[in-house]
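Engineer: Dropping a structure here in structure tokens format, bear with me for questions.
Read-outs: derived from the displayed coordinates by stated rules, not from any lab. Being a predicted model, the structure only gives us computed values, none of them experimental. Here the Cβ is made from the backbone with ideal geometry for all residues, glycine too, and neighbour counts use every protein chain on show.
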Amino acid sequence: MPAVSVRSRTTTTHCPYCALQCGMHLTAGQSVEVVGNAKFPVNNGGLCIKGWTAGEILGHPDRLLTPLIRDASGQLAAASWDAALDFIARRIEEVQSRDGPDAVGVFGGGSLTNEKAYLLGKFARVALGTSNIDYNGRFCMSSAAAATTKAFGLDRGLPFPLEDIAHAGVVLLVGSNVAETMPPIMQYFEAQQENGGKLIVVDPRRSATALWATRHLSLRPGSDAALANGLLHLLIRDNLIDRSYIRDRTDGFDEVRRTVAMYWPEHVERLTGVPEAALIDAARLLGTSPSAMILTARGPEQQVHGVNNALAYINIALALGAVGKPFSGYGCLTGQGNGQGGREHGQKADQLPGYRRIDDPAARAHVARVWSVPESTIPGPGKSAYELLDSLGQKGGVRALLVMGSNVVVSAPNAVHVERRLKALDLLVVVDFFLSETAQLAHVVLPSAQWAEEDGTMTNLEGRVILRRRAVEPPAGVRTDLEVLSALARRMGKQRYFPASESRDVFEELRHASRGGPADYSGISYERIEAEGGVFWPCPSADHPGTSRLFADTFPTPSGRARFHAVRHQPPAEDRDAEYPLYLTTGRVLAHYQSGTQTRRVGQLRDAMREPLAEMHPVTARLAQLCNGELMTLTTRRGSATFRLRVTPTIREDTVFVPFHWGGEQSANRLTNPSLDPTSKMPEFKVCAVRAKAHAPGGEGREGREGREGGEGREARPE
Ligand SMILES: Nc1nc2c(c(=O)[nH]1)N[C@H]1C(S)=C(S)[C@@H](COP(=O)(O)OP(=O)(O)OC[C@H]3O[C@@H](n4cnc5c(=O)[nH]c(N)nc54)[C@H](O)[C@@H]3O)O[C@H]1N2
Ligand SMILES: Nc1nc2c(c(=O)[nH]1)N[C@H]1C(S)=C(S)[C@@H](COP(=O)(O)OP(=O)(O)OC[C@H]3O[C@@H](n4cnc5c(=O)[nH]c(N)nc54)[C@H](O)[C@@H]3O)O[C@H]1N2
Ligand code: SF4
Ligand SMILES: [Mo]
């Protein structure tokens with residue numbers, strides 16, 4: 001096990017995983033102990049099992065401790081930092097002189113600190129001169145981000161602090177299983193219920209979260225826009241909307257009114273599978289509450305119509321006059337540790353720091369000044385995440401790729417194809433602390449420090465900028481991501497643009513770069529974050545208190561008013577049919593995190609769930625003669641994968657759910673559809689057509705007795 005040397009015994013910091021960024025105290029001794037920070041206002045001391053066990057990944061025996069280069073025999077072999085960095089710089093130079101600057105791509109992640117996300121974006125534009133940088137947040141909140149930008153003129157996941165949930169009269173929680181994905185958040189829902197509030201959960205599964213709900217609407221996957229339009233239809237019909245708010249603070253309602261007029265309850269029941277009476281009841285709860293809050297997460301967003309789905313829910317919040325009012329409004333529950341900050345500082349294909357647009361001349365001029373480069377040298381917008389991965393190794397596409405903070409072999413849709421594209425690269429460099437499935441394909445792997453071994457800021461789902469502290473020394477031989485980027489820039493002769501590799505210095509530059517932008521961090525400092533338990537952006541000056549609640553008086557749109565958007569229900573990119581008779585939806589379980597690189601290495605989490613279980617309704621399983629606990633092969637138009645079956649009445653009869661935290665034969669993403677939302681470029685992780693058969697080693701699925709006798713195979717086919 002690599003030595004973990006102690007710097008100070010107890011450090012106050014934050015969890016390495018999700019967007020809650022729970023506060024914790026980390027005590028480093030023989031092992032690293034974690035307890036929740038009772039004074040941090042988000043989790044108030046609560047942690048989930050991933051947080052408690054996070055210390056285990058620091059001194060883990062699988063840690064990468066030296067750079068690796070693929071040798072002549074095709075094996076990854078230990079190499080010195082000089083050899084690895086020289087090799088990368090030389091190959092990049094070769095690729096760019098042959099195929100141009102855009103032939104080198106960068107793929108970042110929402111787990112990177114703000115400082116890393118900022119420097120990675122600058123590295124792509126200034127050191128590499130490429131437009132091709134994007135990140136895994138594209139697979140995460142991009143649909144809600146696009147929708148809130150359209151409707152409110154600004155994307156901050158939650159425009160209010162979490163504590164507002166406790167005081168909301170009704171919360172409509174859509175496609176979000178927070179009881180598993182952010183357990184300490186449940187304290188706010190518990191308090192809400194104690195205060196007499198109601199919770200309506202919209203999910204094709206009666207999830208752990210739905211068990212907390214006053215009402216559960218079990219909609220058909222891919223039917224969110226129909227459901228939302230149906231609710232708004234009823235609110236208008238029953239005169240439960242806020243007409244003066246609509247008149248004074250919004251534009252575009254008339255067209256929405258005309259559109260939702262077509263979504264009468266019987267019709268919506270047919271589209272969504274949600275009974276008419278349940279719709280009427282939910283609309284009444286929402287419309288009669290003094291404070292209605294609508295929260296969406298990946299369920300409605302990770303769809304080919306993800307932006308429209310989010311807009312349809314936003315329309316309800318606007319019609320109720322809820323946005324900008326106390327304990328009310330619309331919010332998107334951001335997912336990754338720095339899912340929020342990671343989308344603000346320039347690792348997105350179309351973006352510059354401070355949440356500026358890369359095609360905005362004033363934004364370009366400002367950032368060019370901060371970077372000391374001519375404005376004309378900053379490239380324009382590049383390819384979005386899946387488009388970038390799809391172009392790898394292709395003529396005219398990206399030929400060399402640097403991956404920092406993502407494991408796309410497991411987490412990208414249509415994963416077999418993505419793996420093939422990665423293998424076609426002239427150069428794949430992966431910076432990680434474990435040999436992830438993606439790192440296993442690399443030409444060069446660089447070992448980096450992790451969360452508790454370095455300082456850096458993160459922005460949680462509320463827009464609260466927090467500070468992670470170095471609690472232990474990184475193992476000998478590894479470097480921080482910031483050091484890696486600076487060292488590579490030096491190899492490329494660009495060192496004068498990358499003088500800093502200390503987090504605090506990079507943050508100072510980020511403050512200037514963000515000044516005047518929508519996500520303005522210029523008034524935030526490490527000292528303020530520590531003294532104030534985090535600072536909410538926008539915070540434009542040192543004496544500004546930060547902005548915990550947005551939109552109270554106005555919206556940052558040109559008119560100062562919010563915008564309605566008329567959207568229609570459209571079927572998913574791939575609907576079920578005779579050949580693929582079920583819907584497949586994918587998501588998360590409590591014990592594992594994302595592509596599983598970290599959590600599959602923690603004993604307690606592995607024991608909690610050793611393999612992915614595919615959920616299927618008993619009626620569907622019985623029709624297919626599939627039994628609980630048996631292996632089942634799922635097949636879509638992209639490929640097949642095998643899972644152990646969990647028969648449960650908590651899921652719709654027409655739907656199968658699989659968690660995506662595993663790779664190889666058990667990878668949900670071998671099955672998923674890479675069709676993209678036209679605006680956000682979000683892939684349709686949440687809906688595709690699938691067929692299920694009993695597993696037959698060596699074949700797609702074992703035929704049942706009837707199958708061998710010429711009848712139907714054992715295949716799941718709902719009514
Ligand atoms: N344990 C754990 N926690 C995590 C993570 C993790 O990997 N593991 N990841 C973090 C990250 S990055 C994210 S983005 C968040 C995600 O957090 P969530 O969005 O809560 O998680 P998911 O499981 O992806 O999806 C939520 C729900 O959407 C439902 N759903 C499926 N299809 C549809 C549909 O068509 N419409 C609707 N309305 N719902 C549908 C699913 O049944 C599921 O219960 O979690 C964060 N927290
Ligand atoms: N089928 C399906 N697929 C999905 C989803 C789904 O719901 N269904 N959800 C999507 C969503 S919402 C997300 S956010 C993505 C996430 O999926 P990924 O992009 O794969 O995210 P992680 O698994 O967090 O990958 C992070 C990798 O970077 C490493 N890492 C973590 N922190 C750092 C760091 O600071 N520096 C460096 N150098 N490396 C680091 C980890 O060890 C890990 O190997 O998956 C998406 N894929
Ligand atoms: S809820 Fe999220 S931030 Fe909190 S302990 Fe669990 S994984 Fe960490
Ligand atoms: Mo995410």
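Engineer: Label-point separation (nm) for Asp505 and Ser559, each offset 7 Å from Cα along Cα-to-Cβ?
Structural biologist: 4.9 nm
Engineer: A further question on this structure: So which of Lys150/Lys395; Lys348/Lys395; Lys39/Lys325 end up more than 29 Å apart, counting from Cα to Cα? Please report the intermediate quantities before stating the final value.
Structural biologist: On the way: Lys150/Lys395 35 Å; Lys348/Lys395 23 Å; Lys39/Lys325 27 Å.
Where the Cα-Cα span goes over 29 Å, the pairs concerned are Lys150/Lys395.
Engineer: Give, in nm to one decimal, the length gained when the segment between Asn195 and Ile49 is fully stretched (0.36 nm per residue of separation minus the Cα-Cα distance).
Structural biologist: 49.8 nm
Engineer: Quick one: Kirkwood hydrodynamic radius for region 103-156, alpha-carbon pairs, angstrom, one decimal?
Structural biologist: Values: mean 1/r = 0.0817 Å⁻¹.
Here the Kirkwood hydrodynamic radius works out to 12.2 Å.
Engineer: Follow-up. From Cα pairs below 8 angstrom and at least 6 apart in sequence, can you work out the relative contact order of the chain, rounded to a whole percent?
Structural biologist: Values: 1773 pairs, mean separation 131.2, N = 719.
Computed value for the chain: 18 percent relative contact order.
Engineer: Related question: Could you tell me the largest-minus-smallest coordinate of the C-alpha atoms of region 209-303 on each of the three principal axes, in descending order and whole angstroms?
Structural biologist: Computed over the Cα atoms, the extents are 37, 28, 27 Å.
Engineer: Give, in nm to one decimal, the length gained when the segment between Glu473 and Glu532 is fully stretched (0.36 nm per residue of separation minus the Cα-Cα distance).
Structural biologist: Values: separation 59, 0.36 × 59 = 21.24 nm, distance 2.62 nm.
The Glu473-Glu532 span can extend by a further 18.6 nm.
Engineer: Which percent, nearest 5, of DSSP beta bridges in region 320-460 are antiparallel? Numbers along the way, then the final one.
Structural biologist: Values: 2 of 11 bridges.
Roughly 20 percent of the DSSP beta bridges within region 320-460 come out antiparallel.
Engineer: Could you please rank Lys681, Lys423, Lys116, placing first whichever residue has the fewest other Cβ atoms within 10 Å of its Cβ?
Structural biologist: On the way: Lys681 23, Lys423 11, Lys116 32.
Going from sparsest to densest Cβ surroundings: Lys423, Lys681, Lys116.
Engineer: Still on this structure, please answer the following. Dividing the Cα radius of gyration by the Kirkwood radius, what Rg/Rh value follows for region 490-594? Working shown, then result.
Structural biologist: On the way: Rg = 22.7 Å, Rh = 19.2 Å.
Ratio of gyration radius to Kirkwood radius: 1.18.
Engineer: Continuing with this model, one more query. If you wrap a convex hull around the C-alpha atoms of the chain and split its volume per residue, what is the figure in Å³? Show your work: numbers first, answer last.
Structural biologist: Details: hull volume 106.9 nm³, N = 719.
With only Cα atoms used, the chain gives 149 Å³ per residue.
Engineer: How large is ³J(HN,Hα) for each residue in region 30-42, as worked out from phi by the Karplus curve 6.51 cos²θ - 1.76 cosθ + 1.60 (θ = phi - 60°), to whole Hz, x for Gly and Pro?
Structural biologist: So the Karplus estimates, Gly and Pro as x, are 4, 10, 10, 9, 10, 10, x, 8, 5, 8, 7, x, 7 Hz.
Engineer: Still on this structure: As a test, work out the antiparallel percent of DSSP beta bridges whose residues both lie in the chain, rounded to the nearest 5. Numbers along the way, then the final one.
Structural biologist: On the way: 41 of 86 bridges.
Just about 50 percent of them are antiparallel.
Engineer: Right, here's the next one. Given a Förster radius of 41 Å and the C-beta distance between Arg601 and Arg357 as r, what FRET efficiency does 1/(1 + (r/R0)^6) yield to the nearest 0.05? All intermediate terms of the calculation are to be shown ahead of the outcome.
Structural biologist: Numbers: r = 39 Å, r/R0 = 0.95.
Computed FRET efficiency for Arg601 and Arg357 comes out at 0.55.
Engineer: Right, here's the next one. Taking 7 Å along the Cα-to-C-beta vector as the label spot, tell me the Asp281-Glu375 distance in nanometres, rounded to one decimal.
Structural biologist: 5.9 nm
Engineer: Still on this structure, I have one more. What are the extents of the Cα atoms of region 384-436 along their three principal axes, in Å, largest first?
Structural biologist: Result for region 384-436: principal-axis Cα extents of 32, 21, 19 Å.
Engineer: Can you quote the Å³ per residue value for the convex hull of the Cα atoms in region 10-57, rounded to an integer?
Structural biologist: Value for region 10-57: 58 Å³ per residue.
Engineer: Taking neighbour Cβ counts within 10 Å as the exposure measure, how do Tyr17, Tyr580, Tyr330 sort from fewest upward? Please report the intermediate quantities before stating the final value.
Structural biologist: Working: Tyr17 23, Tyr580 19, Tyr330 30.
Going from sparsest to densest Cβ surroundings: Tyr580, Tyr17, Tyr330.
Engineer: Go through 610-620, 382-392, 666-676, 62-72 and give me the packing order, highest mean Cβ count within 10 Å leading. Kindly include the intermediate steps, with their values, before the conclusion.
Structural biologist: On the way: 610-620: 19.5, 382-392: 22.4, 666-676: 24.1, 62-72: 17.0.
Top to bottom by mean Cβ count within 10 Å: 666-676, 382-392, 610-620, 62-72.
Engineer: Same structure, new question: Taking 0.36 nm per residue of sequence separation and subtracting the Cα-Cα distance, how much length would be gained by fully extending the chain between Arg258 and Thr214, in nm to one decimal? Could you put the intermediate results ahead of the total?
Structural biologist: Values: separation 44, 0.36 × 44 = 15.84 nm, distance 3.08 nm.
Gain on stretching Arg258 to Thr214: 12.8 nm.
Engineer: Give me Met262, Met682 ranked fewest to most by other Cβ atoms within 10 Å of their Cβ, as a rough exposure proxy.
Structural biologist: Details: Met262 13, Met682 32.
Final ranking by Cβ density, sparse to dense: Met262, Met682.
Engineer: In addition: Which whole-number percent of Cα pairs in region 261-336 have a distance greater than 15 Å? Walk me through the numbers on the way to the answer.
Structural biologist: Numbers: 1797 of 2850 pairs.
Distances greater than 15 Å cover 63 percent of the Cα pairs.
Engineer: Using only alpha-carbon positions, what ratio does the radius of gyration of region 32-106 give when scaled by 2.2 N^0.38 Å?
Structural biologist: Working it through for region 32-106, the quotient is 1.84.
Engineer: Rg(Cα) of region 576-667 divided by 2.2 N^0.38 Å? Please report the intermediate quantities before stating the final value.
Structural biologist: Values: Rg = 13.4 Å, N = 92, 2.2 N^0.38 = 12.3 Å.
Taking N as the residue count of region 576-667, the ratio is 1.10.
Engineer: Net charge near Ala191: determine it from the other residues with C-beta under 14 Å of the C-beta of Ala191, scoring Lys and Arg +1 and Asp and Glu -1. Write down the numbers at each step before the final one.
Structural biologist: Numbers: positive: Lys198; negative: Glu163, Asp164, Glu190, Glu194.
Net charge around Ala191: -3.
Engineer: Express in % the proportion of alpha carbon pairs of region 142-332 at distances exceeding 22 Å. Please list the in-between numbers first.
Structural biologist: On the way: 7116 of 18145 pairs.
The calculated P(r) of region 142-332 puts 39 percent of pairs beyond 22 Å.
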